[in-house]
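The next block holds one structure in the form of structure tokens; read it before the comments.
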Amino acid sequence: MKKFRVGLVDYSVYLPEKTITAEELSKEVNISPEILRDKMGIGRKYVGGPEDHSGIMATKASKAVIEKANIDPKEIDMILYAGETYAEYVCWTVGIKVQEEIGATNAYAWDLSFRCAGTPLALKVAKDMMFADESLNTVLITGGNTNAYLIDYEDPNQSFMFNMSPAGFAMIIKRDHFENEILGSGIITESSFAEDVIGKYGGTLYPITDEIGQDPEKLRKAKLITLTDPEGMKKRLATKSLPSFTGAVRKALKASDLQESDIDFIGINHINPKAHYAIMADLGIEKEKTSYLINDGHCGHADQLIALNHGINENKVKDGSILALLGAGTGYGFGCSIVRWGKVQE
């Protein structure tokens, strides 16, 4: 097992051109700019354009990382789409569309669904599959997130999701690549939240009926996210969120034979600042060992890579740095993957 190594060759993030500031968003959600910025951590976020859909954004990020990594798409053995299933079409395998668009004719492609905890899980799954299958040498992990389009700005109970932004991401990982080594992962699911945040209408249980379709307001709401028990969810998150976040990190560290004190940088998906720094405090990580996404919003599966990019630009991530890439998604799932940045030291 010690001889088996998988490294991150390169990554790319696609972000829409248009943004909205706290001042502009304030008018849409009836929350003051100060609260949006200071309490909710939204100084600015991205807004999708007409071409910003999950599959399209994943494809753009994939093409960009293939160019950055200077590889032939025919080298790719597997494409793991770890983005949102809320995409261009229903009952659709997004990864196969990405395969077609990038010309990865020797790969097979499939979709993994784990909401905004999908990126750490995808790193674990891809690495484990490469260990089990020696024919997998080069893997593309990609995804897009358009859940921002499902949020009801008129529902104050959904304010914790007002930070959502569309984005796409892509990573190339390779067997025997002795840089940016992917170490262990930790995954936790907290099933008490299983039906708290759902797209209620449009599935087999609650189809959109003629009655709903003929009522503009009912139809508007039917196309958006539903919170089934907002008060109960809030109470449960208050007690279960922090230990699940930190629990995923601790499991990942154990799998990597590392300690909490070894973490040099933590990239967390966008949550409110209080929760972000509470996670770090519980783990004993100094406040400067992160990059808070105040001007990015919650870009879903791309958050960890956006934070990593900030960390590199801010000289917080260097050769030898131990990175904890941490995410959570409704359901609720929590995932963390550990990466040792830079060249592997024998």
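The values are calculated or read from the model by the stated rules, or taken from the named source; none is laboratory data. Since this is a predicted model, take the numbers as computed values, not measurements. Cβ sites come from the backbone with ideal geometry, for glycine too, and all protein chains shown count toward neighbours. Side chains are part of the model used for accessible areas, which takes the heavy atoms of the whole protein and leaves out ligands, DNA and RNA. Shrake-Rupley method; radii C 1.70, N 1.55, O 1.52, S 1.80 Å.
Here's a check for you: in region 272-286, which residue that is in a loop (DSSP other than H, G, I, E, B) and open to solvent by 30 Å² or more (accessible area, probe 1.4 Å) is nearest to GLY327 (Cα to Cα)?
Filtering region 272-286 for residues that are in a loop (DSSP other than H, G, I, E, B) and open to solvent by 30 Å² or more (accessible area, probe 1.4 Å), the one nearest to GLY327 (Cα to Cα) comes out as ASN272.
Which residue, of GLY49, GLY55, is at pLDDT 95 or above, surrounded by 21 or more Cβ atoms within 10 Å (Cβ to Cβ), under 17 Å from PRO166 (Cβ atoms) and in contact with an Asp or Glu (Cβ under 9 Å, 6 or more places away or on another chain)?
GLY55
In the set GLY327, GLY311, GLY342, GLY247, which member is small (Gly, Ala, Ser), in a strand (DSSP E or B) and out of contact with any helix residue (DSSP H, G or I) (no Cβ under 9 Å at 6 or more places or on another chain)?
Answer to the selection: GLY342.
What's the number of the only condition in (1) surrounded by fewer than 19 Cβ atoms within 10 Å (Cβ to Cβ); (2) over 23 Å from GLY144 (Cβ atoms) that LEU36 fails to meet?
(1)
Identify all residues within region 4-44 that are within 30 Å of GLU181 (Cα to Cα) and of a type in the set (Val, Ile, Thr); write none if there are none.
Scanning region 4-44 gives VAL6, VAL9, VAL13.
For region 252-260, check the following and say yes or no: at least one residue is closer than 26 Å to SER191 by Cβ, among the small types (Gly, Ala, Ser) and out of contact with any strand residue (DSSP E or B) (no Cβ under 9 Å at 6 or more places or on another chain).
no
Residues checked against (1) within 18 Å of ILE188 (Cα to Cα); (2) out of contact with any strand residue (DSSP E or B) (no Cβ under 9 Å at 6 or more places or on another chain); (3) surrounded by 24 or more Cβ atoms within 10 Å (Cβ to Cβ); (4) not aliphatic (A, V, I, L, M):
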residue	(1), (2), (3), (4)
ASN269	yes, no, yes, yes
HIS301	yes, no, yes, yes
ALA307	no, no, yes, no
ILE312	no, no, no, no
GLY320	no, no, no, yes
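Anything in region 69-89 that is open to solvent by 10 Å² or more (accessible area, probe 1.4 Å) and closer than 25 Å to ASN295 by Cα? List them, or say none.
Those that are open to solvent by 10 Å² or more (accessible area, probe 1.4 Å) and closer than 25 Å to ASN295 by Cα: TYR86, ALA87.
From (1) among the hydroxyl-bearing types (Ser, Thr, Tyr); (2) in contact (Cβ under 8 Å) with a residue 12 or more places away in the chain; (3) in a loop (DSSP other than H, G, I, E, B), pick out the condition that doesn't hold for TYR89.
Unmet for TYR89, out of (1) among the hydroxyl-bearing types (Ser, Thr, Tyr); (2) in contact (Cβ under 8 Å) with a residue 12 or more places away in the chain; (3) in a loop (DSSP other than H, G, I, E, B): (2).
One line per residue, one yes/no per condition, for (1) basic (Lys, Arg); (2) free of Cβ contacts under 8 Å to residues at least 24 places away in the same chain; (3) open to solvent by less than 80 Å² (accessible area, probe 1.4 Å); (4) in contact with an Asp or Glu (Cβ under 9 Å, 6 or more places away or on another chain):
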site: ILE198; (1), (2), (3), (4): no, no, yes, no
site: GLY203; (1), (2), (3), (4): no, yes, yes, no
site: TYR206; (1), (2), (3), (4): no, yes, no, no
site: PRO216; (1), (2), (3), (4): no, yes, no, no
site: LEU224; (1), (2), (3), (4): no, no, yes, yes
site: GLU231; (1), (2), (3), (4): no, yes, no, no
site: LYS235; (1), (2), (3), (4): yes, yes, no, no
site: THR239; (1), (2), (3), (4): no, yes, no, no
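So, in region 75-86, of the ones that are among the hydrophobic types (A, V, I, L, M, F, W, C) and in a loop (DSSP other than H, G, I, E, B), which residue ends up farthest from the chain's Cα centre (by Cα)?
ILE76
How many of the residues making up region 33-56 are at negative phi and part of a loop (DSSP other than H, G, I, E, B)?
Total meeting the criteria: 10.
Yes/no per residue for (1) under 16 Å from TRP341 (Cβ atoms); (2) open to solvent by 20 Å² or more (accessible area, probe 1.4 Å); (3) assigned to a helix (DSSP H, G or I):
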residue	(1), (2), (3)
ASN157	no, yes, yes
PHE160	no, yes, yes
ALA170	no, no, no
LYS174	yes, yes, no
HIS177	yes, yes, no
ASN180	yes, no, no
LEU183	yes, yes, no
ILE187	no, yes, no
SER192	no, yes, yes
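If a residue has to be over 18 Å from ILE182 (Cβ atoms) and part of a loop (DSSP other than H, G, I, E, B) to count, how many in region 250-271 make the cut?
4
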